[in-house]
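Read the figures in this text as sums done on the coordinates, not as results from a lab. All figures in this text were calculated on a predicted structure; none of them were measured in a lab. A quick note on method: Cβ atoms are made from the backbone with ideal geometry, for glycine too, and the neighbour counts reach across all protein chains shown.
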């Protein structure tokens with residue numbers, strides 16, 4: 001309904017309240033998903049799946065035998081109002097059997113879901129929405145589970161037309177049970193089942209206790225079909241039982257959020273001339289979730305030390321031959 | 001996660017007791033330095049594989 005068509009006479013005096021707008025409405029910064037428009041890809045724009053590998057920032061893709069490796073890319077094929085999607089292409093088709101798997105997930109930090117109140121009597125519904133395009137049609141599965149992996153809810157979405165962008169929404173009812181951490185570790189995983197084995201499948205539509213539940217029974221498994229493709233963008237998880245339009249945000253804001261979990265310092269760190277240890281200092285542009293794991297694109301056998309969540313230093317290793325580190329990367333993923 | 005060549009390292013500064021401060025390892029083919037932080041997902045996985053007996057960590061030089 002266009003705003004101009006709302007008449008005072010059609011709204012009861014008490015229908016719109018401050019409480020409804022401020023406390024129940026999604027006024028902004030509503031998306032629990034980070035990088036839902038697939039814009040940030042600090043590690044690169046394409047790759048091949050492993051047991052668990054990050055694709056575009058915050059989204060990780062994993063597969064396990066007998067499922068074969070998938071490829072992924074940040075694609076410019078996207079629905080209207082989006083620039084990118086994440087495209088996944090199955091390898092040689094294979095059944096997952098009982099313990100094979102293929103899954104895309106985003107782990108959401110506990111501190112960011114505290115207001116969802118899962119595991120308490122004040123728990124709220126949440127709604128997942130996303131755009132999807134697939135070379136296959138049928139019922140596909142998505143799943144939310146807690147950090148321990150012992151509490152999960154599976155949902156089904158239907159792809160009606162092959163190779164066509166479709167908008168999907170799934171409402172997940174409030175969970176008053178289970179344990180949902182609200183600290184700096186994983187609050188919950190949002191997962192898309194691309195080929196989970198039968199040991200990991202659960203029935204859709206009810207909260208379930210168990211172990212390693214990230215698949216959905218009775219759904220299409222992408223990785224069973226050679227070279228099948230699946231793309232997604234515009235991913236949003238918000239409080240409430242209604243999907244609202246995707247919240248586009250400026251690229252700087254998204255990049256800053258991503259850097260809490262992964263950052264590359266795209267410059268050279270030289271050792272100083274004032275220390276026998278060959279020290280060179282660095283500071284992250286965004287404080288990390290936890291003390292990060294360090295690596296570098298070019299490293300002449302210097303040792304990398306993450307002093308804190310804010311920065312650290314490099315120093316000479318036993319085989320030191322050079323004087324600089326380039327492409328320093330810090331990862332504090334969930 | 002494939003973890004190879006794991007070895008403790010010690011930072012030279014702000015380490016008066018000369019304690020181990022990280023694990024240097026080749027993880028999925030890339031050399032990485034993993035801090036001994038219980039909130040670091042890579043360290044948690046290294047510990048899991050050590051407990052499972054599939055990874056051992058060499059002492060620091």
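Observations on the structure shown:
- Spacing of the modelled spin labels on residue B:19 and residue A:148, each 7 Å from Cα toward Cβ, amounts to 2.9 nm.
- For a label point 7 Å along the Cα-to-beta-carbon line of residue A:323, residues of segment A:274-298 with backbone N under 12 Å: A:274
- Computed P(r) (all Cα pairs; the protein assembly as shown; 10 Å bins; percent): 5, 21, 29, 24, 14, 6, 1, 0, 0
- Averaging over all projection directions, the Cα-based convex hull of segment A:188-334 occupies 13.8 nm² in the image plane.
- Shielding of A:177-185 by partner chains, average beta-carbon count, 10 Å: 1
- Taking only the alpha carbons of segment A:84-154, we obtain Rg and Dmax values of 15.6, 46 Å in that order.
- Estimated distance in nm for a label pair at residue A:45 and residue A:80, the labels positioned 7 Å out from Cα along Cα-to-Cβ: 2.5 nm
- On a per residue basis, the convex hull of the C-alpha atoms belonging to segment A:281-334 measures out at 71 Å³.
- Relative contact order %, segment A:222-334, counting alpha carbon pairs below 8 Å whose residues are six or more apart: 28 percent
- Kirkwood-type radius of segment A:214-299, with distances r between different C-alpha atoms, in Å: 18.3 Å
- Order of A:189, A:115 under a 10 Å beta carbon neighbour criterion, fewest first: A:115, A:189
- Chain A, relative contact order in percent, only Cα pairs under 8 angstrom and at least six apart counted: 18 percent
- Bridges between two residues of the protein assembly as shown, per DSSP, are antiparallel at a rate of about 95%.
- Size-normalised alpha-carbon gyration radius of segment A:56-108, reference 2.2 N^0.38 Å: 1.31
- Normalising the Debye intensity of chain B to I(0), with uniform scatterers on Cα atoms only, and taking log10 at q = 0.12 Å⁻¹ returns -0.27.
- Contact order normalised by residue count of chain B, Cα under 8 Å, 6+ apart, percent: 37 percent
- Order of A:251, A:144, A:53, A:33 under a 10 Å beta carbon neighbour criterion, fewest first: A:251, A:53, A:33, A:144
- Relative to the compact-globule estimate of 2.2 N^0.38 Å, the Cα radius of gyration of segment A:13-145 comes out at 1.29.
- For the pair residue A:15 and residue A:198, a Förster radius of 45 Å applied to the C-beta separation gives a FRET efficiency near 0.40, rounded to the nearest 0.05.
- Over chain A, DSSP H runs of length four or greater, each weighted -39,500 (n - 2.57), average out per residue to a 222 nm ellipticity of -1000 deg cm²/dmol.
- The mean count of C-beta atoms from other chains within 10 Å of the C-beta of residues in A:272-280, rounded to a whole number, is 1.
- Estimated [θ] at 222 nm from DSSP helical runs (n ≥ 4, -39500 (n - 2.57)) normalised by residues in chain B, nearest 500: -5500 deg cm²/dmol
- For segment A:164-267, the convex hull drawn through the C-alpha positions has a volume of 195 cubic angstrom per residue.
- Gained length - residue A:163 relative to residue A:71, 0.36 nm times residue gap less alpha-carbon distance: 31.4 nm
- Of A:274, A:315, the sequence from fewest to most neighbouring Cβ atoms within 10 angstrom is A:274, A:315.
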